[in-house]
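Asks: One structure, pasted below without further comment.
The values are calculated or read from the model by the stated rules, or taken from the named source; none is laboratory data. Model, not experiment: these values are computed from the prediction. Note that we place each Cβ from the backbone using ideal geometry, even for glycine, and neighbour counts take in every protein chain shown. Protein only, heavy atoms only, side chains kept; ligands, DNA and RNA dropped before computing areas. Shrake-Rupley method; radii C 1.70, N 1.55, O 1.52, S 1.80 Å.
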Amino acid sequence: MADQDLDGETVWEVHLAGPGLLLQRVACSLNAVSTGAWLLLFVLPPLLGGVWIAVGDAPPVGQIAYAVLCLCLWLALATIGASFQHVRYELDASGAVLLVEREGYDPTIDRSTSEDSPAVPLGAVQSVTAASFPGYQVLRMRYGGNEDSGLNTIIVPTSRRSVWDALQQRQQTLPSLPSAPTRDLWGYVRLTITVLVAGVLPLGLLSEEVLPDVILISVFVVVAGLVQNTLATVRRGDARDLSAYGGLFVGALKTLSVVVSVILLGVLVNRLI
């Protein structure tokens with residue numbers, strides 16, 4: 001019975017499809033990259049652009065280019081997040097490799113066989129960092145030896161807190177996870193900083209001449225993305241009855257309300273500056 005329970009703990013799935021879970025997918029994308037890559041790609045460019053706008057008296061075309069840059073960063077995060085829509089994790093029979101079946105923007109690994117699936121060589125993991133946000137936590141691993149090609153990120157629902165303990169029982173060289181407060185801190189701090197730097201700051205620095213057009217474009221892109229995501233979910237067959245369709249609609253409204261709240265905060269900052 002103990003072995004059967006352990007086997008159940010080392011097999012789990014993550015379902016983040018649909019417009020209502022777009023923000024969770026973005027959070028996964030943000031926390032899946034290393035701290036250096038996050039700072040270099042998602043923090044430094046908006047900050048440098050903001051300094052240029054604030055100090056250099058940039059023309060309208062420059063301000064629009066700055067806003068488009070920040071919007072592209074969010075689109076990149078949403079695109080990366082597509083790979084987290086449907087993921088299945090299963091420890092192989094040896095207990096040394098975590099097999100991953102991932103479905104998203106890369107069709108070559110969509111429902112692939114175990115031989116072609118990305119994998120996590122647990123025995124080569126030297127350190128692990130973790131970031132939590134509502135519903136999920138992202139575990140990012142560093143390898144030793146020649147295992148740099150291994151998948152370095154796994155997603156674990158917060159309801160499956162015992163997953164890592166079960167993996168450690170099978171592979172005792174696995175390092176322990178950071179404490180729960182540390183995981184929560186990194187998850188929320190990274191997301192908050194990114195929203196402020198690449199979301200609120202651009203809107204706060206734009207001139208009144210440019211701001212309405214940027215807001216209109218941003219809302220259009222978000223709404224178009226939510227509609228596309230909803231249609232993709234329907235085509236996949238994830239919505240099979242009226243209640244499921246209602247859930248898609250409510251999820252899209254929830255995501256849109258959060259985006260609108262960020263935009264309103266940026267407009268408020270713009271008025272105060």
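Asks: Using only the alpha-carbon atoms, what does the chain span along each of its principal axes? Please give whole angstrom values in decreasing order.
Replies: 67, 46, 33
Asks: Taking amide hydrogens as modeled 1.01 Å from N in the peptide plane, which residues meet the under 5 Å criterion relative to GLN126, leaving out close sequence neighbours?
Replies: Those qualifying (amide H under 5 Å, at least 5 residues apart or on another chain) are ARG142, TYR143, GLY144.
Asks: Taking the highest mean first, how do the peptides 27-34, 183-190, 201-208 order by number of other beta carbon atoms within 10 angstrom per residue?
Replies: Final packing ranking: 27-34, 201-208, 183-190.
Asks: Another question, then. I'd like the FRET efficiency for LEU41 and ILE64, computed as 1/(1 + (r/R0)^6) with the beta carbon distance as r and R0 of 22 Å, rounded to 0.05.
Replies: After rounding, the FRET efficiency stands at 0.55.
Asks: For the stretch 37-105, I need the span (max minus min coordinate) of the C-alpha atoms along each principal axis, in Å, sorted largest to smallest.
Replies: 62, 20, 9
Asks: While we're here: Would you mind telling me the share, in percent, of accessible area of the stretch 1-199 contributed by carbon and sulfur at probe 1.4 angstrom?
Replies: That share works out to 59 percent.
Asks: Okay, next question. Where in the chain are the DSSP H helices whose C-alpha atoms run 30 Å or more along the long axis and whose mean Kyte hydropathy is at least -0.5?
Replies: What comes out of the filter, once short or polar helices are dropped, is 60-81, 211-236, 242-272.
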